[in-house]
Amino acid sequence: MPLPSPILDDRSYAQLASELKARIPVYNPAWTDHNESDPGITLLELFAFQAENLLYRFNQIPEATYLEFLRLLQIPLRPAQAARALLALTTDKPAGVLVPQKTLARAGKLEFQTLTEVTAWPLSVQAVARIATSAPDPEVDPEAHAYAERTLDALPEALAERPRSYFETRLLVENEALDFGETVDGMIWLAVLAEDGLDATRLPGAIVNLGFEAELPAGGMAEIDPCPGLGFVASPPQLQWQSLTDRPLSNDEPQYVSLSVVGDSTRGLTQSGVLRLQLPRVASDFAMPDIDPDLAGAGNYPPALPDELAEKLVGWLRVFRRDGSSFGRFKLVTINTTEAEHARTAAPQFLGNGNGQPVQVFRLAHAPVLPDNDLDAIVLEVEEGGQWLRYTRVDDFFASTRESRHFMLDAESGLVRFGDGLRGRMPQWGERIRSWGYRWGGGVAGNVAKEAINKMDLAGIKARNPLPAQGGSDAEALEAALTRIPGELRRRGRAVTADDFKEIAAATPGALIARTECLPRFAPKTPQIEAAGVVSVMVWPLADALHPNAPMPDAALLRAVCQWLDAHRLVTTELYVIPPTYRQVAVSVALKVKPGYGIEAVRRWVELVLRQYLAPLPPYGPEGQGWPLGRRVYGPELEAAALQVEGVEYLEALEVAGWDGDSWVPGTVVLERYEVVELTAITVVDGLPLPPAGEGVVPVEPDGLPLPLPVIREEC
């Protein structure tokens, strides 16, 4: 039963006019002409008309009431989020250039602030992986076999007797991910290259910043680990960093020395971030020994490089995990790297004086204040008896006592609120208040494209962002906050039902999410078995330039959603945030076009309709929410969608095929409950139907070997 809307006054125009006329004998007995032609009656009818309009507005709940509900429920508007980007710096100064923390970089008029101190050197790096492969067959690949035999002949006798394993040397190329989990040695090799202006004598003891950008595991959702839980920080895997030395060989192999890590935001190379590494203080511990070219890559010898890179080689670094586990996939490894965000840090400022009244409110100089997991990120002090005492930021005053030095912060508006004297101390008359240290700014404008950040407020430094900035979002609009009230009251800050997980995940701050789905009792590693207490949330990004038909979230987006849901889930819930799993589908349509309609136009419209009908993201799909998880792809359903196009007289045929991993299987495509459609091929023809996705169609072999001939151009 729907809740009835309260009617405070339901009188109509006719009732109001009759009531006014009935009062005439009471207040003015001499007024006897009550006909409509009387001017007095006209005025009464005008008053009745105006009163009816006022009562209509009186019965409506105005927006101000909703705003008051927000204030009473203490539901503030969500503040803006700051975009972040990795900055790769370059310089030609032989001694390097120190770039302090909070240095400004610019993308046009947008300002980004560095988060990590970095010394930029005239250096670059090339990440190298030794990818395991099978032994070369002398008959199939005689050149590779001869290369391997030449390496074996060059090895000392002691090394040649060891068990053999073969590999291919792969270089990490920008925008092409490389899986270091397939290496033969479990290592990441980094070739340090000299650029113009390098003075190698200044490198001993130098600190270099290495930037890593991780990618999703190659295995998809089956390789996703559960969210660790709010407040629980798992110990990162221990890394061993080493540098190649020019010391004499030990057991016929080169020697390495260990390096110390100064800082690491990658948590043991498990996520994107910056790792600060100190080079050896002795020059010979970071140098290139004389190595036989035939031994390149054998055993502990560093792998071979192309000639253009080998000419600039300064030294080798390598890293591996002490427990023997392998690394994941990375799509970027750079040097002279720092993280930057679209934000500024506030300088010290005076807020005002206390007046001894309850619930005192002061406004910060800058807003919106960027949210921070550390509630002490903003420093606020009150001068009490000549001493500046620090106050602690809290989410509410429910646990505060009379003497608790607490304050609340509305991050979106930048308002600071003190307690009422019973819950939270209130500043007394004349006590001065000051603050500093908080971050402000943000907004969706900070999500700039790659290479957009190209200026640095520091001489001798050039900056670039090799990847787009991500995570920026504007402050929540008032309309969105008003519609959020019912959900907030229902959830009360906790994710319990499937809808709770979907709605909270979609509201992840700074995450550009197009769609979320919740799979209760679903464990990604065992999808066919129901797992009690396990919840998996599937996330689609708003856009994916590399996979527009099948958008995939990156590792940073999944991690942001995971951290956000951790603050709302029950402690007994095992939570996974996973990417979508797509089933490839191909469609072939043969149609008959009505007379008078253009064949090409109708074909394009039918193709567009079917693409939108099978699309995974809103506002497309059968119900405008994207193709539902696990819904089968049924030919007659697609026929009904195609027949809605004006100009289609009838369909000759419509065939559907699904990819099972080895071949295209025609007929209805049945999806698992965690799968969604990826339309990989669609053919629309006027006439006889074609097999979907070219199934069973092979090119005709020409007679003899086709050879190109030069084209002779005639000169005028």
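The values are calculated or read from the model by the stated rules, or taken from the named source; none is laboratory data. Please read all numbers here as calculations on a predicted model, not as lab measurements. Note: ideal-geometry Cβ built from the backbone for every residue, glycine included; neighbour counts use all protein chains shown.
Determine if segment 290-309 includes at least one residue that is farther than 27 Å from G181 by Cβ and buried (at least 19 other Cβ atoms within 10 Å of the Cβ).
Of all residues in segment 290-309, those farther than 27 Å from G181 by Cβ come to 290-294, 307-308.
Next, only the ones that are buried (at least 19 other Cβ atoms within 10 Å of the Cβ) stay: none.
So far as segment 290-309 goes, no, none of its residues is farther than 27 Å from G181 by Cβ and buried (at least 19 other Cβ atoms within 10 Å of the Cβ).
More than 19 Å from M187 (Cβ to Cβ) and surrounded by 14 or more Cβ atoms within 10 Å (Cβ to Cβ), is that true of V319? Reasoning before the result, please.
Details: more than 19 Å from M187 (Cβ to Cβ): no; surrounded by 14 or more Cβ atoms within 10 Å (Cβ to Cβ): yes.
When the stated conditions are applied, V319 does not pass them.
Would you pick out the residues in segment 659-677 that are surrounded by 16 or more Cβ atoms within 10 Å (Cβ to Cβ) and in contact with a Gly (Cβ under 8 Å, 6 or more places away or on another chain)? Write out each step before concluding.
If we filter segment 659-677 for residues that are surrounded by 16 or more Cβ atoms within 10 Å (Cβ to Cβ), which is where we start, we get 659, 664, 666, 669, 671, 674-677.
Answer for segment 659-677, where residues must be surrounded by 16 or more Cβ atoms within 10 Å (Cβ to Cβ) and in contact with a Gly (Cβ under 8 Å, 6 or more places away or on another chain): W664, V669, L671, Y674, E675, V676.
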What is the residue count in segment 632-656 for residues that are crowded, with 18+ Cβ neighbours inside 10 Å and within 24 Å of Q528 (Cβ to Cβ)?
1
Among the residues in segment 250-265, are any closer than 18 Å to G315 by Cα, surrounded by fewer than 17 Cβ atoms within 10 Å (Cβ to Cβ), among the β-branched types (V, I, T) and within 36 Å of the chain's Cα centre (by Cα)?
yes
I need the full set of residues from segment 178-208 which are touching a helix residue (DSSP H, G or I) at 6+ places or on another chain (Cβ under 7 Å) and assigned to a loop (DSSP other than H, G, I, E, B), in order please.
P204
Would you mind finding the one in I335, I224 that is among the β-branched types (V, I, T), crowded, with 16+ Cβ neighbours inside 10 Å and in contact with a Lys or Arg (Cβ under 9 Å, 6 or more places away or on another chain)?
I224
Please work out which one of (1) outside any strand (DSSP E or B); (2) out of contact with any helix residue (DSSP H, G or I) (no Cβ under 9 Å at 6 or more places or on another chain) is the condition G299 fails and give its number.
(2)
Looking at (1) closer than 22 Å to E215 by Cα; (2) part of a strand (DSSP E or B), which is the one condition that is false for L565?
(2)
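To keep it simple, each residue is scored yes or no on (1) under 30 Å from P122 (Cα atoms); (2) touching a Gly at 6+ places or on another chain (Cβ under 9 Å); (3) in a loop (DSSP other than H, G, I, E, B); (4) not charged (D, E, K, R).
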| position | (1), (2), (3), (4) |
| --- | --- |
| G324 | no, yes, yes, yes |
| G352 | no, no, no, yes |
| V382 | no, yes, no, yes |
| W388 | no, no, no, yes |
| W429 | no, yes, yes, yes |
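So which of A129, A146 is part of a strand (DSSP E or B), modelled with pLDDT of 70 or more and of a type outside the set (S, T, Y)?
Details: A146 fails: part of a strand (DSSP E or B).
After applying the criteria, what remains is A129.
Here are L422, L458: which of them is more than 30 Å from N353 (Cβ to Cβ) and part of a loop (DSSP other than H, G, I, E, B)? So that I can check it myself, show each step before the final result.
On the way: L422 fails: more than 30 Å from N353 (Cβ to Cβ).
Within the list L422, L458, the selection yields L458.
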Would you please name the residue that is nearest to Y438 (Cα to Cα), looking only at residues in segment 367-387 that are surrounded by 12 or more Cβ atoms within 10 Å (Cβ to Cβ), of a type outside the set (A, V, I, L, M) and modelled with pLDDT of 90 or more?
E381
Which of the residues that make up segment 1-32 are at pLDDT 85 or above and of a type in the set (D, E, K, R)?
E19, K21, R23
Is it true that some residue in segment 572-593 is part of a loop (DSSP other than H, G, I, E, B), surrounded by 18 or more Cβ atoms within 10 Å (Cβ to Cβ) and touching a helix residue (DSSP H, G or I) at 6+ places or on another chain (Cβ under 7 Å)?
yes
List every residue pair whose Cβ atoms sit under 6 Å apart, with the two residues 6 or more apart in sequence or on different chains, where the first one lies in segment 614-625 and is within 12 Å of L542 (Cα to Cα) and the second, anywhere, is among the aromatic types (F, W, Y) and in a loop (DSSP other than H, G, I, E, B).
P616/W627
Listed by first then second residue, the pairs whose first member lies in segment 258-284 and is in the same structural domain as F180 (by TED's automatic domain parsing) and over 17 Å from Q238 (Cβ atoms), whose partner is buried (at least 17 other Cβ atoms within 10 Å of the Cβ) and basic (K, R), with beta carbons under 9 Å and at least 6 positions apart or on separate chains, are S272/R559
Please note which strands (runs of 3 or more DSSP E) are completely contained in segment 84-125 and include at least 2 residues that are in contact with a strand residue (DSSP E or B) (Cβ under 9 Å, 6 or more places away or on another chain) and farther than 23 Å from L313 by Cα.
84-90, 97-99, 104-107, 110-114
Those residues of segment 389-420 which are surrounded by fewer than 15 Cβ atoms within 10 Å (Cβ to Cβ) and either over 41 Å from the mean Cα position of the chain (by Cα) or among the charged types (D, E, K, R) (or both) amount to R390, D395, D396, R402, E403
I'd like to verify a number: residues in segment 467-504 that are at pLDDT below 80, of a type in the set (D, E) and either assigned to a helix (DSSP H, G or I) or surrounded by fewer than 15 Cβ atoms within 10 Å (Cβ to Cβ) (or both), how many?
2
With the structure loaded, tell me whether Q278 is within 29 Å of A475 (Cβ to Cβ) and of a type in the set (S, T, N, Q) or whether it fails that test.
no
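Tell me which residues, restricted to segment 597-618, are farther than 13 Å from V585 by Cβ, assigned to a loop (DSSP other than H, G, I, E, B) and at pLDDT 90 or above. Break it down stepwise before answering.
Filtering segment 597-618 down to residues farther than 13 Å from V585 by Cβ leaves 597-609, 612, 617-618.
Now drop any that are not assigned to a loop (DSSP other than H, G, I, E, B), which leaves 597-598, 617-618.
Answer for segment 597-618, where residues must be farther than 13 Å from V585 by Cβ, assigned to a loop (DSSP other than H, G, I, E, B) and at pLDDT 90 or above: L617, P618.
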